[in-house]
Structures are given as structure tokens and as C-alpha cells.
Amino acid sequence: MFLLKRHAQGTTLCTMIAGLIGYPHFMNYLFIPLLFCTLASAWAQSAVPLPARELRGAWIATVHCINWPSEPGLPVPRQKEQLQRLIQSAHDRGLNCLIFQVRPAGDALYESSLEPWSPYLSGLMSLPPAPKWDPLEFAVTEAHKLGMELHAWFNPFRALAGDKHKPSANHICRQHPEWTVKYGRDWWMNPGVPEVRQRAVDVMLDVTLRYDVDGIHMDDYFYPYPAPGADGKSVPFDDEKQYGRYQATGGALTLTEWRRQNVDETVRKTYEGIKAIKRTVKFGISPFGLWRPGFPDGTGGGLDPYEDLGADSRKWLQLGWVDYLTPQLYWTIDRPKLGFATFYDWWLGENTLGRHIWPGMNTSKVGDDRNAGEILRQISILRERGSRMVPGHFHWNFGALDKNLGKVGTLTLERAYPVHALPPASPWLSNVALPVPLAEKLAEGKRVRWGFADPRWENYSRWWVIQAQIEGKWRTIEVTFRDRKELDWPAKATAIAIRAAGRAWEVGMPAVLTR
């Protein structure tokens, strides 16, 4: 009888048939109603189109209070209010993913035993907010309520961003000054020190273990961007001692090869560590937009991230050390040697393992050297390549959409995001065949409740996707976290469909209810 009841569509008719036949004889003719129910259910389920797919995200930066909080030392209720409003605004602007900066510079915007509280919260490094609260935990919960992913964003090697906030006694600059280097306006943790590399990995794995994040995100600050000296030439980064020790042990790599090896080790150990803890937590990196000047042929650029930053981003992609790559394609489409589409196409061609390529767009420049139409055209270019990859993108940074600079928030919502989209699936992380949930109408059809017949499936699902048929068309009206299992019947809907989505956004067949 469970097979009859598991399908939302056709259950009532099957029960009627069983009653007319009579239970003693029903088992002799079980295949008749069962076949009818199965066909009816399959027809109803197949009539519901699959939800649209596209990653639509943005960075929320905390360093220097770029996006949040508005200033250091705000009262806790105000901090919470601002962060909650930003997350709600992102949802209302049509986004489904946020990258939230939790380690701007050797500090933590969450409770950590490894690093001090960030000065952007209380105004003083290591001083916890009072009353104490955890911004990362709060952001994860609020994003999940709205069906959005939340990725924790880490700067791997920056120790201090400028001189405004003095390091506390438990900051790396004071605990181990020999591990740090002043370079330009900032202090840096020296990637040539093995303990520094391990610390970066430990910090990211600690968050993976203790928080229900959907992703771990590393930005593009590996070895620092070259800083000019008084003569206009780049100042060398001071890692001669560490490189000399490497050579003394018989190391034969050149300086830049050794630096790339240090960064490679950090990336690889982070990826492997995340998968050992929670396989379905995605790991992403947002490197500089090009791998090296001259790739593809005819393109230029003064910075060589491969040599200058120690960043072999193509290697990470092709060895499968990332689940998604977010090259910062902050150039306009029509720029001759550094064009948005040129580099996106190149990255697609280098993506031999089929990982996600979700470029970053410089939406913050709207009103400066570009307008909202440029961002809309860039989104269109990504979609035109949809046969090669399910599209996705990130806006740098969310402030542009939130403040509606150049009406970019309004225009993207109206023209680019009129249809709700799920993030693309990641089948190499999980590809579970989720069952059809059980669904029923409550309160005389004014409310809907659903869930799995076998609660063990809760361990494999993460989201619920609700679609509604309104004026003859199916549309995704809501995505919600797995702990929510009821909602009011949507206005004007003649039918609704509820399907489970897994931890890597694989989706099951829907339960369908009609008016």
C-alpha cells in the first residue's frame, strides 16, 4: 500500500478503486490500480518542467567595512539589522548565493580559537561583540531561510589590512612576527613559512567542520600584488630567508617556481581537507581574470599572476582542486586585449574536468566607466555559451546591486532575473536519486505540508523547491531549507509541485497537488 500512497497525484482515485474492488480481492488485481496510479503520477510529474539553473551571486566584503558593517563598533542590534537587510536584499534582487568575507586579514568574523575577533565588529581586535554573537552563524541561518547558499570567504595570507587597527596579543603579527612581512601598505603572512600555510588551511577546515556553510571561498591574494617603490619599480617581497633554507635542503626550483609550489600546496590541502570533512561543501577560488599574459594568443596585460602572485590557477582547475573557479573578468566586452568574452571563452576551453566557471563581473564600476547595460550584456554572453556549461556569475560587489547604482539592481532583476533559478548541480560531489516526497493539503486546501515517507532521506536532501502553476505556466516560486515543510497555498495557483534538492543541487521528481 505504501507504493500507492507515496505519489501525491492519483492517490485518491487508487483508494476509490481499491474500495470498490474489495480488499480481499484487491491483492489479486493489485497491478490494475497500481499501474493506473503509477501512470497518472508519472504524467503529472513529467508535466512539471525542471527548474531553471544559473548561479547568481555576489561578494559581501567586510574588509574596511566595504559592504558590512557600515562602521566598526556598531551596537550589536544594528550590526544584525544591517546584515539581515543585506541578505534579504540579495534575495529580493534575484540572487541565490552570497560569498561572505569572514577572514579579512588574520582575524575572524566568527568565534574562533585560532584567530582573534575582527576589529570591524567591536572596533578593537580580539574584543568580542557585546552581547556576543556570531556573524557567520547568523548569515548562514538567514541565507538558508531564503533558499540561498552562503560561502565563507577567506583571505589566505594577508595579516593586516593597513595600519588603522592595531594587532592584538593573539594576532599572528605579535605571536610570530618572524612569519610576517610588511609589504606596501599591508602586513602579509609569508607563504614560504610552512606554519603559515598550515594555519591558512586549518582556519578554513575549522569553519568547514563547525559551520553549515555551502562553500569555502579563497580570494586572489596569494603572494601580494606588486607594490611600487620610490623609483616606480616593484619592491621585492622579502622571503629570501625561507627560499635560502629551501635551497640549503637541496631544493632546485627557481624562486617563482618555489612560490607557486607553496600556493599549490595550500590549495590542494584545503580542497582535500574539505572533502574529508564534508564532501559536498564546495571549494572555490576567485583568481585574477587571466592565467598568464598571452593566453589566449594576442591578449596582453602587465600583471602576470603566474609569476607575480604565485597563482597557477589553470593547474588548480585542471587537477580538480576546485569545484568552481571565479576568474575576475573585470573588463568590458569591447576591450581589445583584455575582453570579458575573450577570457571567458579561454577558461571554458581549459576546463578539462567540467568544473564550474562562474566569472566575477565588476558591477561596482556601474556609473564609472560602464553602465548597467554592460553587465546585462555580460550575463547574456555567459548564457549564450550555455551548451558548454550551465551559466553562473558573481557581482563584485553586492553594494552596487543593493544601492541600485545606475539602476543595475532594478534592471538585472527585471531583465536578467525574472525567472527564479537554482544553482547548477555538482554531480562529482553528489548525485543521489531523491524520492518523491509525500504532500497533502491542510486547512481546507489553504495550506500545504510535505516530507519524506522515510525520514532517513533527510540526511541526503538539503533544500525544497516549490513550483506553482499560475495562469497555465509553471514557475519556481520558492526555494527553502530542508527544515521547512509547510507553506500557504500560493495565490492564483491551480497546482503546486514540491521536489527535494540534494546537497549538490541534484533534484528529485515532484509531488504534485491540484486545487
Scoring the chain by relative contact order with C-alpha pairs under 8 Å, at least six apart, yields a percentage of 15 percent
10 Å beta-carbon shell around Asp323, net charge (K/R +1, D/E -1)
+3
Anchor Lys282: aspartates and glutamates whose Cα lies under 13 Å away (excluding residues fewer than 8 positions away in-chain)
Glu149, Asp212, Asp214, Glu272, Asp323
In what sequence do Glu240, Glu471 fall when counting other Cβ within 10 Å, fewest first?
Glu471, Glu240
Please work out the Cα center distance from segment 409-484 to segment 85-108, rounded to the nearest Å.
22 Å
I'm checking a number: the convex hull volume of the Cα atoms of the chain, normalised per residue, in Å³. What is it?
177 Å³
Non-local residues with an amide H under 5 Å from the amide H of Met218, with H modelled 1.01 Å from N and Pro and chain starts lacking one, are Phe154, Gly284, Ile285, Ser286
To make sure I understand the rule: partners must be aspartates and glutamates, Cα under 15 Å from the Cα of Lys473, and not fewer than 8 residues away in the same chain. Which ones qualify?
none
Local electrostatic count at Asn371 - Lys and Arg +1, Asp and Glu -1, tallied over other residues with Cβ under 12 Å:
+1
Which one, Ala501, Ala416, Phe398, projects farthest toward the positive side of the charge dipole computed for the chain from Cβ point charges (K/R +1, D/E -1)?
Ala501
Note down the net charge around Glu350, summing +1 for each Lys or Arg and -1 for each Asp or Glu among other residues with Cβ under 11 Å from its Cβ.
+2
Would you work out which of Leu209, Pro191, Ser113 lies farthest towards the positive end of the dipole of the chain, given +1 charges on the beta-carbon of Lys and Arg and -1 on that of Asp and Glu, about the Cα centre?
Leu209
Per residue of the chain, what 222 nm ellipticity follows from adding -39500 (n - 2.57) for every DSSP H run with n ≥ 4, rounded to the nearest 500?
-9000 deg cm²/dmol
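Using a simple charge model, +1 on the beta-carbon of Lys and Arg, -1 on the beta-carbon of Asp and Glu, nothing else, what dipole does the chain show about its Cα centre, in debye to the nearest 20?
The calculation lands at about 1320 debye.
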Note the per residue figure in Å³ for the convex hull of the C-alpha positions in segment 430-515.
83 Å³
Enumerate by residue number the trypsin sites (Lys or Arg not before Pro) in segment 81-187 meeting two conditions: DSSP loop (anything except H, G, I, E, B), and at most 12 other Cβ atoms within 10 Å of the site's Cβ.
Lys132, Lys164, Arg185
Contour minus end-to-end for Lys132 and Asp483, with contour as 0.36 nm per residue of separation and end-to-end as the Cα-Cα distance?
123.8 nm
Per DSSP, loop GluC sites (Glu not before Pro) in segment 389-444 with at most 12 further Cβ within 10 Å:
Glu444
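Among Trp179, Trp505, rank each residue by its count of other Cβ atoms within 10 Å, from fewest to most, as a rough exposure measure.
Neighbour counts put them in this order, fewest first: Trp179, Trp505.
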Do the alpha carbons of any pairs in Lys403/Lys492; Lys164/Lys365; Lys166/Lys407; Lys315/Lys365 sit beyond 28 Å of each other, and which pairs?
Lys403/Lys492; Lys166/Lys407; Lys315/Lys365
Pairwise label distance in nanometres, Leu413 with Asp92, each label 7 Å out on the Cα-Cβ vector
0.6 nm
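None of the figures in this text is laboratory data; all of them are computed from the coordinates on show. Only a predicted model underlies this, so the values are computations on that prediction, with no experimental measurement involved. Cβ sites come from the backbone with ideal geometry, for glycine too, and all protein chains shown count toward neighbours.
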